[in-house]
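A short reminder: the numbers here are calculations on the coordinates, not readings from a lab. Not measured: the values here are computed from a predicted model. When we count neighbours, we look across all protein chains shown, and the Cβ atoms used for this are built from the backbone with ideal geometry, even at glycine.
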Protein chains: 2
Amino acid sequence: MTGLRPEHLPYGVFRHAGGAPRVGARLDEAVLDLAALASDGPLDEDPALFAQPSLNAFMAAGGETWARVREALRALTAGPDAEPATVPLEEVELLLPVAVRDYVDFYSSLDHATNVGRLFRPDAEALPPNWRHLPVGYHGRAGTVVVSGTPIRRPSGQRREPGDDAPVFGPSVRLDVELELGFVVGVPSALGEPVAVERALDHVFGVLLVNDWSARDLQAWEYRPLGPFLAKSFATSVAAWVTPLEAILARRVAAPVQEPAPLPYLREEPWALDLDLEMELNGTVVARTNARHLYWSAAQQLAHMTVNGASLRVGDLFASGTISGPERGQRGSLLELSWNATEPIALADGSTRSFLQDGDEVVLRGSGGDALALGEVRGRIDPAA
Amino acid sequence: MTGLRPEHLPYGVFRHAGGAPRVGARLDEAVLDLAALASDGPLDEDPALFAQPSLNAFMAAGGETWARVREALRALTAGPDAEPATVPLEEVELLLPVAVRDYVDFYSSLDHATNVGRLFRPDAEALPPNWRHLPVGYHGRAGTVVVSGTPIRRPSGQRREPGDDAPVFGPSVRLDVELELGFVVGVPSALGEPVAVERALDHVFGVLLVNDWSARDLQAWEYRPLGPFLAKSFATSVAAWVTPLEAILARRVAAPVQEPAPLPYLREEPWALDLDLEMELNGTVVARTNARHLYWSAAQQLAHMTVNGASLRVGDLFASGTISGPERGQRGSLLELSWNATEPIALADGSTRSFLQDGDEVVLRGSGGDALALGEVRGRIDPAA
């Protein structure tokens, strides 16, 4: 088998030949059927963990099980003689990998927050006063998280045109992409008991790419004072493949010191993930960035999210917020890339874009060196209802 | 049986004598065991709908089943000779009635929004420009919705003292109550397909009281620009009993015309619910208000929430936002009642309160005439961790 990536082995949920959904692990262009491997013997685990419509049962089994399964899959797939039974990727239907409980979206890229501040609040300081003290975040809609490949219908809603007092209603005219990294919770926590920052990653099962589609015109009108709502809740796309945290942590690198120093409950050795990320629009790569640009780590996000005693459930999803770097080509949203439509982006076909048109297709990709490729997130815009 | 309220018959989930959780209907101080009634014959339904840890399976069965069950329970319980088998309320443990999917909190009381605007944003217009055009709302944390009676641990978090640049960390010193009405979704909707305002109530199974506990000091520091997060996510208490929508709609009354007229997708004959509501703190009733004070209806909230194509799931919960009336004694939060601690409230024991102290107990109650009493929401404050 060529291009085998035993250090990666992301998990997903698939359906094959009209069968019931089951958990699989991806090996290049093929899928290991974990329910079959457990039933037939090579994988010494309860098949019920994998004969499931989501990863949640497997995740709920806990970290020791995750490590044991990963080790067993490595043994089954590594080495020149390994010939594990697989299903061709092209023959399977990929399903939403996680039954998402609560979905939290953070805002942890300094460049993104600064850019959005400049564009949305030109008369104020770009960065809100709280931004360097806590990972700003909010709850999104878990029920509209969809798997890569699901068509995205353009949302309608209220927007207010510049100079008008009253809003108008109609399809969003500023439909946007947000390139994000998502973290899936596999170990729950008890209500009333904060998770310490140094224990936070113990609760994370894995990582996946997220496109937090955003209707900027709806957002600008609705978001004060309680935050984004319909501008985000129509759909959030996630990859079909969840990369195990262990594989991702191989890409851990030191990060700059945070200034001012965070409060003690957020304090840790600064780190980030060296993951190359890109956004492709209709075949043209319009942004290349890196998860290193995130100011707050996933551990800090999780510690913050629970410091008030909020509990975690298996299947909670929290995302980084749009990942932008300091250069123009490193911006993770069209709002920033086109500087709110004042600098349209040129595509390879000669056309330009500021925001998404009907029929446009966006693909997010991520990788960490030669060994690790995150599952892509793909979505095409359907016209409004 | 005295005091029987056949027109009410709220549903809940209970455990009795160490048995498995099951769905019940409340009859005064007793509980009808619907799983037993279905197994034994008097209720001609699949017992599996009721041998459940939540109402979700029953809700998912749809409106015809709800109507049939309600009619059957009326027949079983009405009339002078009715002697249905019940379990005494005092012998059961009441559980969270709904497995909550997405939780949305609105902000639909004009007086509340005006008061909060004055207190939080004294230099701006009290009412945000969008407020009369759409029901402002945001997503809350579904995983920390707890049943009445669950102790509430005081959350810790960041707050910034007046005049300071940097925040401090510690237990919230402005812990508050929000008296709200919640609506439980029983009929799902498809992604990409808005629910029309005139069909919105078809999706609602029932109504229950909600206490959306709020840490005002955390909220003031964190909420810009993405809205409330940790200030709310530590706990939201709901009643153990869900009143069927049909019973609630008997309290429907005409409401004032909305000015300006809402956009067409929000337009309906103005209506509200005539439900008397009260907040008790340590045995003293500190507020008496009424759901009539809500500006936006539940139908408008649901139509708005889905107009962008967001789908509904069985178990979604949406709440009204704090219900305040124009008079001081009609305010549904301590923030408003004590006017941000400048006018402390006197309790019957001679003490005063601005915000909640450890050990304080809050009870929310609601009723509609003699026949309809909403399940109460009770919660006592435990000290911070």
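List of remarks:
- In order along the range A:27-32, phi translates into HN-Hα couplings of 10, 6, 9, 9, 10, 7 Hz, rounded to whole numbers, per the Karplus curve 6.51 cos²θ - 1.76 cosθ + 1.60 with θ = phi - 60° and x for Gly and Pro.
- Label-reachable residues, the range B:23-40, where backbone N falls under 17 Å from a point 7 Å from B:Ala250's Cα toward its Cβ: B:25-29
- Distance in nm between pseudo-label sites at B:Arg15 and B:Val257 (7 Å out along the Cβ direction from Cα): 5.5
- Of B:Ser324, B:Ser39, B:Ser233, the residue with the greatest mean-square motion in the GNM of chain B, using alpha carbon springs below 10 Å, is B:Ser39.
- Note on the protein assembly as shown: with charges restricted to the Cβ of Lys and Arg (+1) and Asp and Glu (-1), its dipole about the Cα centre is near 1100 debye.
- The range A:311-375, relative contact order [Cα under 8 Å, separation at least 6], %: 15
- Given charges at Cβ of Lys, Arg, Asp, Glu: chain B dipole, positive-most of B:Gly170, B:Leu191, B:Trp296: B:Gly170
- Once the chain from A:Glu280 to A:Ser351 is taken as fully extended at 0.36 nm per residue, the excess over their C-alpha distance is 24.1 nm.
- Most fluctuating residue given options B:Leu374, B:Leu208, B:Leu347, as computed from a GNM of chain B linking Cα atoms under 10 Å: B:Leu347
- Sparse-neighbourhood loop sites, GluC sites (Glu not before Pro) in the range B:288-370 - DSSP loop, at most 15 other Cβ within 10 angstrom: B:Glu327
- Karplus-derived HN-Hα couplings along the range B:87-94 (A = 6.51, B = -1.76, C = 1.60, θ = phi - 60°), whole Hz, x at Gly and Pro: 10, x, 4, 5, 8, 10, 9, 9
- Whole-Hz ³J(HN,Hα) from phi, Karplus 6.51 cos²θ - 1.76 cosθ + 1.60, for the range A:373-380, glycine and proline x: 10, 5, x, 6, 10, 10, x, 10
- Label sites at A:Glu327 and A:Arg267, each approximated as a point 7 angstrom past Cα along Cα to Cβ, lie 3.6 nm apart.
- Gaussian network model of chain B, Cα within-10 Å springs - most flexible of B:Leu43, B:Leu312, B:Leu179: B:Leu43
- Length available on full extension from B:Glu343 to B:Asp382: 0.36 nm per residue minus the Cα-Cα distance, which gives 11.6 nm.
- Folded to 0 to 90 degrees: helix A:63-77 orientation relative to chain A principal axis, Cα: 70
- Dipole in debye (nearest 20) - chain B, about Cα centre, beta carbon charges: Lys, Arg +1; Asp, Glu -1: 840
- Across the identical copies, how the A:Pro256 labels are spaced - nm, sorted shortest first, 7 Å along Cα→Cβ: 5.3
- A from B by rotation - nearest chain B beta carbon to the axis, in Å: B:Gly227, 1
- Annotation for A:Arg15, label-to-label distances across the other copies: 3.5 nm (shortest first, one decimal, point 7 Å from Cα along Cα→Cβ).
- Against chain B, whose longest principal axis comes from its Cα atoms, helix B:110-120 is set at around 40 degrees.
- The range B:110-192: C-alpha gyration tensor shape, a/c 1.5 cut-off, then a/b vs b/c: oblate
- Nearest-first distances (nm) between copies at A:Ala341, label 7 Å from Cα via Cβ: 4.5
- Over chain B, Cα pairs under 8 Å with separation of 6+ residues give a relative contact order of 21 percent.
- Separation between Cα centres of the range A:113-132 and the range A:164-218, rounded to whole Å: 19
- The listed peptides A:215-223, A:109-117, A:69-77, ordered by packing as a protection proxy, come out as A:215-223, A:109-117, A:69-77 (highest mean of other Cβ atoms within 10 Å first).
- Rounded to the nearest 20, the size of the Cβ-charge dipole of the range B:202-278 about its Cα centre is 240 debye, with Lys and Arg at +1 and Asp and Glu at -1.
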